[in-house]
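What follows is one structure encoded as structure tokens, with my remarks underneath.
What follows is calculated from the coordinates using simple rules that are stated; it is not laboratory data. This structure is a prediction, so every number in the text was calculated from the model and none was measured. Positions of Cβ are generated from backbone atoms using ideal geometry, with glycine treated the same way; all protein chains shown enter the neighbour counts.
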Amino acid sequence: MRNTLLGFTAFPYDLTAEAVTKTHQIILPNSDLYAIHMDRCLPWAQALANAPFPQWLERDWDGIAAQIPDTHAVYVAVTPTSMDRRNKAEQCGDAEGEPKPLPHTIATARYDATVVKTAYVNYLRRVIRRFKPIYLNIGIEISEMALVAPALWPQYQALYLYAYSVLKSEFPALQIGIELVLQSLMHPAVANLVKPAVEASDYIGISFYPYGSNFGVALGAPPLGTPPDQWRKPLEWLRTYTAKPIAVCETGYTTKNIHLPGTNLTATGSIATQLQFTKDIIEFANKHDYRFLIWFVPVDYERLLNKISAGEEKHVWVNAGFHDSDLKPKSAWAEWRKFHQVPKSAAAKKVMQSTPL
């Protein structure tokens, strides 16, 4: 029996309807949890005023909701920050991909200001009512703030604790947590700074791409070493850091070497290393009853790479899929499927049947 729910984001390998369909055909029969990752923009002005969201965003949400099968529990990740994990998320514009300047009252406010708290909690309420998640993450990779801008952390922590308290009173069955980059969390100063928020959460969520050790080091995180200690030691350390339930909000392992354009940052990977990582993280999940385990990229997205403008970081995950760009499964896919075929425990089934509303 397994207590761990398995999930994917529905990240497509190309900008086509066929790619979206085929991605779902791969992930849905091999998962229990539908993961929704929302960190593009935030409708601050509309959320603050309790006004309708931009039409394109409502259509986008409708499209996501339509893809969620009744057989799956839902996990949603949202954040008040931009992709740099410290500045505020952009204000959603009238058209997709065309953000507006932040409202002045939001732009000039601290994260713990009443205006930000009100807007963010109003936004989270709509997310919950629209997608009905069992698990909610309200700070994507937020440990990066504690790592690179620690003076901001107390503001965010106050926002988080406020949102947690309000939402928990309104949706008592909802499991609320934050997501921390495991490599950054292993920095002693970060571990100490975020500990109060961790202990106030229903679970500790982690983002873990161990092959990206050099990228983390460039930001000030400690190095992770070489495989397999590269992932085994951090996962062992995590269980000693807190007794809170663990959840893997996003993970993966590249099967090709990486060099970020315009930098000297590199990472290495292979089919064999991805296989070993997958075996090991499944073993940790099973041993320590992780609440869920989400593999972020189902299919390598080389076809998509030059069609998106996410910056240099888009290269980091391009070959971290369980399938190559021709949709051929890699060897680690069999390990995932084998674990998914293990019957769910009574506790996992109970989670599947619960609802936050």
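At a glance:
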read-out	value
³J(HN,Hα), Karplus 6.51/-1.76/1.60, whole Hz, each residue of segment 190-197, x for Gly, Pro	5, 4, 6, 5, 8, 4, x, 5
Among Leu305, Leu275, Leu33: highest mean-square fluctuation, GNM of the chain, C-alpha pairs under 10 Å	Leu305
Qualifying lysines (Cα of each under 18 Å from Cα of Lys338; at least 8 residues distant if same chain)	Lys279, Lys287, Lys328, Lys330
Gaussian network model of the chain, springs between alpha carbon atoms under 10 Å - residue of Lys307, Lys328, Lys88 with greatest fluctuation	Lys307
Cross-link partners of Lys100 among lysines (Cα-Cα below 19 Å; sequence separation of 8 or more within a chain)	Lys88
Estimated 222 nm signal from helices in the chain, with DSSP H stretches of n ≥ 4 weighted -39500 (n - 2.57), rounded to 500	-12500 deg cm²/dmol
Antiparallel bridge percentage (DSSP; both residues within the chain; nearest 5)	15
Candidate aspartates and glutamates for bridging to Lys168, where Cα separation is under 18 Å - those fewer than 8 sequence places away on the same chain excluded	Glu179, Glu199, Asp202
Sites Asn257 and Asp326, calculated FRET efficiency, Cβ-Cβ separation with R0 22 Å, nearest 0.05	0.70
Lone cysteines, the chain (no partner Cβ under 4.7 Å)	Cys249
Residue of Ala218, Ala89, Ala267 that the Gaussian network model of the chain assigns the largest fluctuation, springs spanning Cα pairs under 10 Å	Ala218
Estimated vicinal HN-Hα couplings, Hz - segment 3-12 in sequence order (Karplus 6.51, -1.76, 1.60; Gly, Pro = x)	8, 8, 7, 10, x, 9, 7, 8, 5, x
Entry for Cα extents along the principal axes in Å (calculated from the structure that is shown) out of [x] 51, 45, 42; [y] 63, 47, 39; [z] 106, 49, 39	[x]
Over the chain, relative contact order from alpha-carbon pairs under 8 Å, at least 6 apart, %	21
